[in-house]
1. Can you tell me the 0 to 90 degree angle between the C-alpha axis of helix 268-292 and the longest principal axis of the chain, rounded to 10?
2. Counting other Cβ atoms within 10 Å, keep those with at most 16, restrict to DSSP loop, and tell me which GluC sites (Glu not before Pro) in the stretch 124-223 are left.
3. Of Ala130, Ala207, Ala151, which is the most mobile in a GNM of the chain whose springs link Cα atoms less than 10 angstrom apart?
4. Distance from the Cα centre of the stretch 43-100 to that of the stretch 269-311, in angstrom?
5. Relative contact order, percent, of the stretch 190-335 when contacts are C-alpha pairs under 8 Å separated by at least 6 residues?
6. Please compute the net charge surrounding Ala273, taking Lys and Arg as +1 and Asp and Glu as -1 over other residues with Cβ under 13 Å from its Cβ.
7. Count the net charge of all other residues whose Cβ sits under 14 Å from the Cβ of Gly46, scoring Lys and Arg as +1 and Asp and Glu as -1.
8. Percent of Cα-Cα pairs more than 19 Å apart in the stretch 1-137, please.
Amino acid sequence: MIELEELRDAARKAFPVDKLTPPRDACWQLVTEMGWLMIELAEDHGGLELGRAAAAAVHFELGKVLPAVPLAPALAALQGIAASPELSDRNDWIERICGGEYISFNMLPGTAATDENASLNGRVAGVFEADMASHVLVATRGRYDLVPTDAEGVTVVERDLWDPSRRIFDLVLDGYKTTPELVVALGEDAVQLHDAMSPTVQLAIAADSLGAANALFDMTVDYLQTRKQFGRPLALFQALKHRVADLKVKLESAEALLWSRVDADATMPELGALKAHCNAAFRDVAEEAIQLHGGIGLTEEHPCHLFLKRALLNCTLAGDTMYWEGATGRALLAQT
């Protein structure tokens, strides 16, 4: 069994923190070669079955370098396909994905729906790096389908994005005719499939946020120790010490919560609240880092702006903060 620290050490060596935003295609090849696409996949399907903690550890380390590699949606899609009761050639699909074929899963809410003729219409939003995806796992009411990105009735449209470290697309569906061999789940099986995939996505985003926040925090502390004002390093000014200490407390508490939940039998509202909390901690660190780097001049002269843009996008993925705070509140009220 691979130890968690060994996995994190391997990720740190493969993606050193001094090389931000590494090229997407090289990252994807490296992720494939290291077997991270199989990290949560059951051994019965040829996977590593290392669990959610291992997947979170990889995302934590990857978050430090802000890569474009779409590992989270790929893992979710693979998990959904592996649990599919409908796909007759499921093992072939698993083998293709583990070999490096990218099948995506949307990370933002869309409007896709199936009509009475079993055709898909509407928009599938938030598909990361769709230009390299062969298929997208699309959810509509009561079903999941694999949709080829190059099929008739499917248009891939790139969104303008403030975050330059990633690319995000929408699939515009106009009368795309579903086929039985690409149906992944129907009815109650589709509900169970959603419940199986969601924890992977929530934990991946939370870990990505905290990994990036930790890297940015270290970068900020190094800057404060180096930059001098009135002949003294900025790190010696008490007001700045207090601000940095507050950020450290936020990071430590969020990270403790993350690692306590990865293997726990947590509910979806609990995992969503965890993600929202980790995203908020990342956002707060990124906003403070911009202020604490104020002496450098323009924000874009330092990579800290890349972290802020990543943080703001992460806050919207797989249910934004407001959604999960509401869901958590309702769940708590139901228990009283």
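Readers should treat all values here as calculations from the given coordinates under stated rules, not as data from a laboratory. Predicted, not measured: the structure shown is a model, and the values here were computed from it. Positions of Cβ are generated from backbone atoms using ideal geometry, with glycine treated the same way; all protein chains shown enter the neighbour counts.
1. Result, in degrees: 40.
2. Qualifying residues, ordered by number: Glu152.
3. Of Ala130, Ala207, Ala151, the most mobile in the Gaussian network model is Ala151.
4. Using only Cα atoms to place each centre, the spacing works out to 27 Å.
5. 33
6. Residues close to Ala273 contribute a combined charge of 0.
7. Taking every Cβ under 14 Å from that of Gly46, the sum is -4.
8. Beyond 19 Å sits 54 percent of the P(r) for the stretch 1-137.
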